[in-house]
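The values are calculated or read from the model by the stated rules, or taken from the named source; none is laboratory data. Everything numeric in this text was worked out from a predicted model, so none of it was measured. FYI the Cβ positions are ideal-geometry reconstructions off the backbone, even for glycines, and counts take in every protein chain you see. These accessible areas exclude ligands, DNA and RNA; they are computed on the full protein's heavy atoms, side chains included. Shrake-Rupley method; radii C 1.70, N 1.55, O 1.52, S 1.80 Å.
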Amino acid sequence: QLQAFGGGLVQPGGSLRLSCVASGITFGINAMAWYRQFPGKQRELVAIISSGGSTEYADPIKGQFTISMNNDKNTVELQMGSLRPEDTAVYYCNVLRFGISYWGKGTQVTVSS
């Protein structure tokens, strides 16, 4: 129901765009978000966008990442810039719909020279 694209290997200072397409659950979406998980750590919120377009970002990535949602409200993207090795993590797409949280499979982002 949630399919993520765009992870991979990028050099420090580079950019990546993650996309997540929701299917079958597009009606009634309240918010879409991206989380990331570092090895041995809990999943943490990176950015969230409401159906009304309001956004919130985690402090470490403010000004570095941008979250957006398409007009059909079934795709959420995360534009990541000025990537650093510490951004290396598995990134997960999340959809909140009628109070229920849906998760996509994670996509690996590796920042390394």
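Ordering 75-87, 39-51 by mean Cβ neighbour count within 10 Å, with the highest value first, yields 75-87, 39-51. Working from Cα pairs under 8 Å separated by at least six residues, relative contact order for region 53-113 is 25 percent.
Loop-located chymotrypsin sites (Phe, Trp or Tyr not before Pro) in region 1-99 (DSSP state other than H, G, I, E, B) with a sparse environment of at most 11 neighbouring Cβ atoms within 10 Å: Phe27, Phe98. Restriction of the trypsin sites (Lys or Arg not before Pro) in region 52-101 to DSSP coil positions whose beta-carbon has at most 10 other beta-carbons within 10 angstrom yields Lys62.
Gln1: net charge of surrounding residues, Cβ under 12 Å, Lys/Arg +1, Asp/Glu -1, itself excluded? Intermediate values should be presented prior to the final figure.
Numbers: positive: Arg97, Lys105; negative: none.
Charge balance in the 12 Å sphere: +2.
Set the Förster distance to 25 Å, then compute FRET efficiency between Ser82 and Ser51 from the Cβ-Cβ distance, nearest 0.05. Don't skip to the end; give the middle numbers.
On the way: r = 29 Å, r/R0 = 1.14.
That pair, Ser82 with Ser51, gives E of 0.30.
Accessible surface calculations at 1.4 Å, restricted to protein heavy atoms, place the chain at 53 Å² per residue.
Expressed as a whole percentage, what fraction of the accessible surface of the chain belongs to carbon and sulfur atoms when a 1.4 Å probe is rolled over the protein heavy atoms? Each step should come with its number before you reach the end.
Numbers: 2900 of 6010 Å².
Ligands and nucleic acids excluded, carbon and sulfur reach 48 percent.
Once you wrap a convex hull around the alpha carbon atoms of the chain, what is its projected area averaged over all directions, in nm²? For the chain, averaging the hull's shadow over all directions gives 6.5 nm². Here the Karplus relation 6.51 cos²θ - 1.76 cosθ + 1.60, evaluated at θ = phi - 60°, turns the backbone of region 82-89 into coupling constants of 6, 5, 10, x, 6, 7, 4, 5 Hz, with x for every Gly and Pro. Taking all Cα pairs closer than 8 Å and separated by 6 or more residues, the relative contact order of the chain comes to 37 percent.
Our note on the geometry: Cα centres of region 41-56 and region 66-96, 9 Å apart.
Once all protein chains are placed together, Ser113 keeps about 130 Å² accessible to a 1.4 angstrom probe.
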